[in-house]
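The values are calculated or read from the model by the stated rules, or taken from the named source; none is laboratory data. Just so it is clear, the structure is predicted and the values come from calculations on it, not from any experiment. All Cβ positions, glycine included, derive from the backbone under ideal geometry; neighbour counts span all protein chains shown. When the accessible area is computed, the model is the full protein with side chains, heavy atoms only, and any ligands, DNA or RNA have been set aside. Shrake-Rupley method; radii C 1.70, N 1.55, O 1.52, S 1.80 Å.
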Amino acid sequence: MKQFIIRTLGFALLLCVLLVLLRSSVPFHWGEGGVDAKFKYFLEHQEDYNTVAIGSSRLNRGLIPRIFDNKTGKTSTFNLSWAAVYHLESEYLLDRLVQEADGIENVIFLVQYPRKIAKRNFHSIRSKYLMDRSRLGFALDFFKKEPKQIYRHVVSYIENKLCIGEVFQIAKYHWKTNPYEVKRDGFYTWVPDRKEVVLERIKSTMGEDVVLKGKKFKTRNMVYGPISEQNKVYYDHLLDLNKKLAEKGIETYFVHLPNQPPHEYLSELNNVYMGDGVKFPEYFLGEFHIDQAHLNEKGARLFSRRLGTLVGRMMVAKAKEREQPNKEEAPEIIDSLQLRDDDAQYLEPVLDFEELEKEEQPF
Amino acid sequence: MLFNSLEYLFFLPVVFTLYWLLRKQLKAQNFFILAVSYFFYGCWDWRFLSLIIISSLTDFLVGMRLGKTENSGEAKALLMLSLAVNLGFLLVFKYFNFFIDSFVDLVSVIGMKPSISTLSIVLPVGISFYTFQTLSYTIDVYRKKLEPSKDIVNFFAYVAFFPQLVAGPIERASNLLPQFDRLRDFDFAQARDGMRQILWGLFKKVVIADNCALYVDAIFAGHESLNGLILLLGAVLFAFQIYCDFSGYSDIAIGTASLLGFKLMQNFSTPYFARDIAEFWRRWHISLSTWFRDYLYIPLGGSRVGQALQIRNIFAIFLVSGFWHGANFTFIIWGLIHSLLYLPQMLMKTNRKFLGVVAEGKMFPSAYEVFRMLLTFVVVTVAWVFFRSDSVGESFTYLLRMCSFSEAGFGEVLSELMLNANLLKLVALYILFMLVVEWFNRGKKHGLYLMPSNIVFRFGFYLMLCLLILEYFFGKTSFIYFQF
């Protein structure tokens, strides 16, 4: 029996070594083409940037780095956001990025409530390539009352560690060229053939004539309720993330989307609240959106200006706190939540609008 | 719990370790097997454990009584009791709705509309397998071919033995039960062979069968609008799917049992290398076909009766075999086709023409042997269409459309069905690889029975199989971003 066990364990060890070698042959951002292209580009050009933005498609389509940088006056931003990069993936990517990249001073982090692994996405590369021990630990804590989610996260973790279902993808990663192109500081770009697919999908699910006004949309964005045990796990996690990044000298700005105001429990964070949807109706007007959740080019300008202004002011305040008064004036901000006449300036294009349209077709 | 699940990958080493820690303690070891077998089954649905327990208890008590009674009337009554309980469960859980539906269909032909509703019954996993296994015990005891078991734990463990509980092989009591009565020693060669068989079984199940299923499901679902070539592809892929699925599962079962020191019977022996239907049936689902031979065909008189009865017996065995596979007329037609294919051979007494292995002692088969193998494969594949279809009408539509032609290219149709053409090429490669490996091990217990002695080659081969299994372990899923 001894011989059998030694041989079996020896073989298992050999297999594990092979799998670990295989897994380590790909960079941490390999799991999704778009994410991979952006991170690869960023890591190759990291000396050009001191700020990164990480989040889902809302940030990917919402944050135009040049406009944002124009407003802060202090940042050189690369938008690393990508479609469906939710909390676990954002955090994983950020965690690994700060280990590999030097010179990141600021992080714009989109606050998103952790999502479940849906049945249809269970076993997909995208659901598992990010499952390391840290992400698993958080998921187990967060979903502790949901056995199905615990199971899916544990399985995803094991799959990732054992390269289950990843071998060919890894091989393909080395052999095939990534079709995604990165342009304009990581701001949202379409790969031509994919654009049609996505357009079609949006049309087929929402209809062409999307009405964004109204209660339904506003209610949809009402996520935060009173602090629950599960929320507390998440909030504590955000506080830890902030602390961890601060220890590395990185200032993190947590972006809260309209109608998702930061809870007071998170008051020690740099919370950038993008406004109340009721008081900032432009976020809910069809002319600024391509669908219920995503801004169009015009909306993105508005969003980037406002975000840049808010972050810029916080940066100035931070500098003052450190007794390093900045000679520059803090960016002017419209404090009132009401839409004012001078808000119109936010709608003026910073970049040549026609030029922009030539460069890439917005929806 | 499925063999091709992550849970089983953890379950098996734990069971193996604890089991052999109990070696030299036969009672404890058998009790352990019983406990883990019930756990294994209970993972699916613990409520249905009650059926196994009732079945086991009935046959244990019947067996005990049969061992004591000299009264043939009482013995017959006891046998009937066992048959009634076991076949009763099978009837209720597997065939009840079929009979009700068929009855309603039948009387509606003559204009009546009876309002009999079917029940929403869950089919307990493995019921057809363990029912037949426990029945074989009672019948053998009744026939005085087997001493009744005196140890309830051993008997219960025999019925519920987890490696073969849910998908066979259907073990005879005369083969498996005595193995529970004697101390089992760890045998390196047996365990190593078991590991190889598990590996090969996983390869067939995960890499070939599960991938074939993607295409087969889509093609059979859309068969009404597809052309002949793609339907032919669907039928051929199903032939490999069902073989690799079933034989793969059997391989894992036999391999697992080997790790625990048990020897289970061979269930498949390269059936697609058969040169005629009779040979096919000697190589396909051996445990079931021999069960029907021993407990149905021979009691009916077998081939030692007049020609008319011989024909009846052949029809009986194939029709019952078809019906055993599922409660649908498609399975009965499938059985009927095989009986019609087998019958001429039996009447011309050529059914035992090919008893040995094809191209024995040679590297390659002759052209004639290739022709015979292909012909057998073709007729078996046509019959599989009935086995796979949801209704008899669908089977005929499928077969008729298989003769149709359209100009739509293969790639076009595949993309319409949202199927991956590249994966199909890989699947074809895997099937070819499997056939080559099994060709070199034809007539052996399993596909990896004989391996080259070169350790580097051998381990490289195992590693490659492991990588392929890991690649397809959970199937291929694409991330769907659809949560605006």
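Considering only residues in the range A:261-300 that are open to solvent by 30 Å² or more (accessible area, probe 1.4 Å) and not in a loop (DSSP other than H, G, I, E, B), the one that is modelled with the highest pLDDT turns out to be A:N271.
Scanning the range B:197-235 for residues that are over 17 Å from the mean Cα position of the chain (by Cα) and either among the hydroxyl-bearing types (S, T, Y) or open to solvent by 30 Å² or more (accessible area, probe 1.4 Å) (or both) turns up B:L214, B:Y215, B:D217, B:A221, B:E224, B:S225, B:L229, B:L232, B:L233.
Among the criteria (1) farther than 21 Å from B:G356 by Cβ; (2) more than 14 Å from chain A (Cβ to nearest Cβ); (3) in a helix (DSSP H, G or I); (4) open to solvent by less than 20 Å² (accessible area, probe 1.4 Å), the one B:F262 does not fulfil is (3). Looking across the range A:19-37, the residues that are within 12 Å of another protein chain (Cβ to nearest Cβ) and small (G, A, S) come down to A:G31, A:G33, A:G34. Please indicate, with yes or no, whether at least one residue in the range B:323-342 is assigned to a loop (DSSP other than H, G, I, E, B), open to solvent by 20 Å² or more (accessible area, probe 1.4 Å), at pLDDT below 95 and more than 30 Å from B:A359 (Cβ to Cβ). Looking for residues that are assigned to a loop (DSSP other than H, G, I, E, B), open to solvent by 20 Å² or more (accessible area, probe 1.4 Å), at pLDDT below 95 and more than 30 Å from B:A359 (Cβ to Cβ), one finds at least one in the range B:323-342, hence yes.
In the range B:297-307, is there at least one residue being more than 22 Å from B:Y430 (Cα to Cα) and part of a helix (DSSP H, G or I)?
Filtering the range B:297-307 down to residues more than 22 Å from B:Y430 (Cα to Cα) leaves B:297-307.
Now restrict to residues that are part of a helix (DSSP H, G or I): B:297, B:307.
Yes, there is a match, as at least one residue in the range B:297-307 is more than 22 Å from B:Y430 (Cα to Cα) and part of a helix (DSSP H, G or I).
To keep it simple, each residue is scored yes or no on (1) at pLDDT 90 or above; (2) open to solvent by 60 Å² or more (accessible area, probe 1.4 Å).
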| residue | (1), (2) |
| --- | --- |
| B:Y398 | yes, no |
| B:M402 | no, no |
| B:A408 | no, no |
| B:S415 | no, yes |
| B:L435 | yes, no |
| B:N441 | no, no |
| B:N454 | no, yes |
| B:F461 | yes, no |
| B:L465 | yes, no |
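Residues that are open to solvent by 10 Å² or more (accessible area, probe 1.4 Å) and under 18 Å from the mean Cα position of the chain (by Cα) within the range B:153-195 comprise B:V166, B:A167, B:R172, listed in sequence order. The residues of the range B:61-89 that are surrounded by 12 or more Cβ atoms within 10 Å (Cβ to Cβ) and among the acidic types (D, E) amount to a single one, B:E74.
Only one residue in A:A53, A:A83 is of a type in the set (A, V, I, L, M, F, W, C), at the interface with chain B (Cβ under 10 Å from one of its Cβ atoms) and touching a Gly at 6+ places or on another chain (Cβ under 9 Å). Which one? Step by step, each of A:A53, A:A83 is checked, and only A:A83 is of a type in the set (A, V, I, L, M, F, W, C), at the interface with chain B (Cβ under 10 Å from one of its Cβ atoms) and touching a Gly at 6+ places or on another chain (Cβ under 9 Å). Filtering A:N242, A:N231 for residues that are in a helix (DSSP H, G or I), open to solvent by less than 70 Å² (accessible area, probe 1.4 Å) and at pLDDT below 90 leaves a single hit, A:N231.
The single condition from (1) surrounded by 15 or more Cβ atoms within 10 Å (Cβ to Cβ); (2) assigned to a helix (DSSP H, G or I); (3) more than 10 Å from chain B (Cβ to nearest Cβ) that A:V154 fails is (3).
If only residues of the range B:359-376 that are surrounded by 16 or more Cβ atoms within 10 Å (Cβ to Cβ) and at pLDDT 85 or above are counted, the one that is farthest from B:G302 (Cα to Cα) is B:P365. A:V26 meets the conditions (1) more than 18 Å from the chain's Cα centre (by Cα); (2) part of a helix (DSSP H, G or I); (3) surrounded by 16 or more Cβ atoms within 10 Å (Cβ to Cβ) in every case but one. The failed one is (2).
Filtering the range B:148-193 to residues that are assigned to a loop (DSSP other than H, G, I, E, B) and within 14 Å of chain A (Cβ to nearest Cβ) leaves B:R184, B:D185, B:F186, B:D187.
Here the helices (runs of 4 or more DSSP H) wholly within the range B:1-118 that include at least 1 residues being under 30 Å from B:R192 (Cα atoms) are B:6-21, B:26-45.
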